[in-house]
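Asks: Supplied in structure tokens, the structure appears directly below.
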Amino acid sequence: MADPAAATITQLKNIQARTGKTIAELHAAVAASGAAKHGERRSWLMEHFKLGYGDANAVALFIGKPLPDLGGAAASATAPAPNGDPLDAIYTGAKAALRPLHEAVMLQVRALGAFEEAPKKSYISLRRKKQFAMVGPATKDSVEIGLNAKDLPTHARLKLQPPGSMCNATTRITNAAEVDTLLQGWLRTAYDAAG
């Protein structure tokens, strides 16, 4: 008799190979889409990633749930840490539900171009010639994005930091809708400034 858990792992690995995205990246894309119900998520995956019904359903079933060990994921912008995914250590306990928000932010950052991800104890530092941003949980309900760019405009969503801080400004998000064009513009400004 076939092992259902092994079949699921094989299916998820095949999905990663076909899409070129990790399951976590697919979850982040779904979170950024705003689709809230299982059927909406499945349909969105079918439309945007050309997944069949069964594969889209499998991806949607794991949203907000622990993934099985897939033993190395599809290629991503940076290599995974040698001792596992650093996000597993950062997004644990009450903060675990914030990981899709982190992934939604990273999806936008990866669209900017090449950069280095440097995992720290409680956040991920994003670097080009110098650090341009940092992303990590701020509270159990929000993800904080630190931005290094001196010419960011004044905005209610931005909190300017004192001189000498690790970032010039920070902003917090609590849902995928806040990964919007405004945040993308701030990330682009910081990315370009780190040249």
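Read-outs throughout are calculated quantities, based only on the coordinates presented, and are distinct from any laboratory measurement. None of these values were measured; they are calculated from a predicted model. Cβ sites come from the backbone with ideal geometry, for glycine too, and all protein chains shown count toward neighbours.
Asks: At 20 angstrom or more along the helix axis (alpha-carbon based) and mean Kyte-Doolittle of -1.0 or higher, what helices does the chain contain? Whole DSSP H runs only.
Replies: On the way: long enough: 4-19 (22 Å, -0.16).
TM-like helix candidates: 4-19.
Asks: Can you work out the FRET efficiency for the pair K37 and K129, with r the C-beta to C-beta distance and R0 = 35 Å, to the nearest 0.05?
Replies: On the way: r = 43 Å, r/R0 = 1.24.
So the FRET efficiency works out to roughly 0.20.
Asks: Now a separate question. Given a cut-off of 19 Å, name the pairs among K65/K95; K121/K159; K37/K65 whose C-alpha atoms lie farther apart than that in the structure shown. Show your work: numbers first, answer last.
Replies: Details: K65/K95 13 Å; K121/K159 23 Å; K37/K65 15 Å.
Those over the limit are K121/K159.
Asks: Given only helices, namely DSSP H runs of n ≥ 4 each adding -39500 (n - 2.57), what is the per-residue ellipticity at 222 nm of the chain, to the nearest 500 deg cm²/dmol? All intermediate terms of the calculation are to be shown ahead of the outcome.
Replies: On the way: 7 runs with 78 residues, N = 195.
Taking each H run of at least 4 residues, the total per residue is -12000 deg cm²/dmol.
Asks: For a quick check: sort E40, E47 by the number of other beta carbons within 10 angstrom, fewest at the front. Spell out each step's value before the answer.
Replies: Details: E40 14, E47 11.
Fewest to most other Cβ atoms nearby, the residues stand as E47, E40.
Asks: Along its three principal axes, how long is the chain when you only count alpha carbons? Whole Å, largest extent first please.
Replies: 64, 34, 31
Asks: Give me the percent relative contact order of the chain, please, defined on Cα pairs under 8 angstrom at least 6 residues apart.
Replies: After rounding, I find 19 percent.
Asks: Remind me, what semi-axes does segment 1-76 give for its equivalent ellipsoid, largest first in whole Å, using sqrt of 5 times each Cα gyration tensor eigenvalue? Walk me through the numbers before you get to the answer.
Replies: Details: eigenvalues 73, 38, 27 Å².
Taking √(5λ) for each Cα gyration eigenvalue gives 19, 14, 12 Å.
Asks: Right, here's the next one. What is the distance in Å between the Cα centres of segment 1-50 and segment 109-130?
Replies: Here the answer is 25 Å between Cα centres.
Asks: Near K140, which aspartates and glutamates are there with a Cα under 17 Å away, not counting those fewer than 8 places off in the same chain?
Replies: Qualifying aspartates and glutamates at Cα under 17 Å: D88, E103, E178.
Asks: For labels at K120 and A89 in the simple 7 Å Cα→Cβ model, what's the distance in nm?
Replies: Between K120 and A89, the label points sit 1.4 nm apart.
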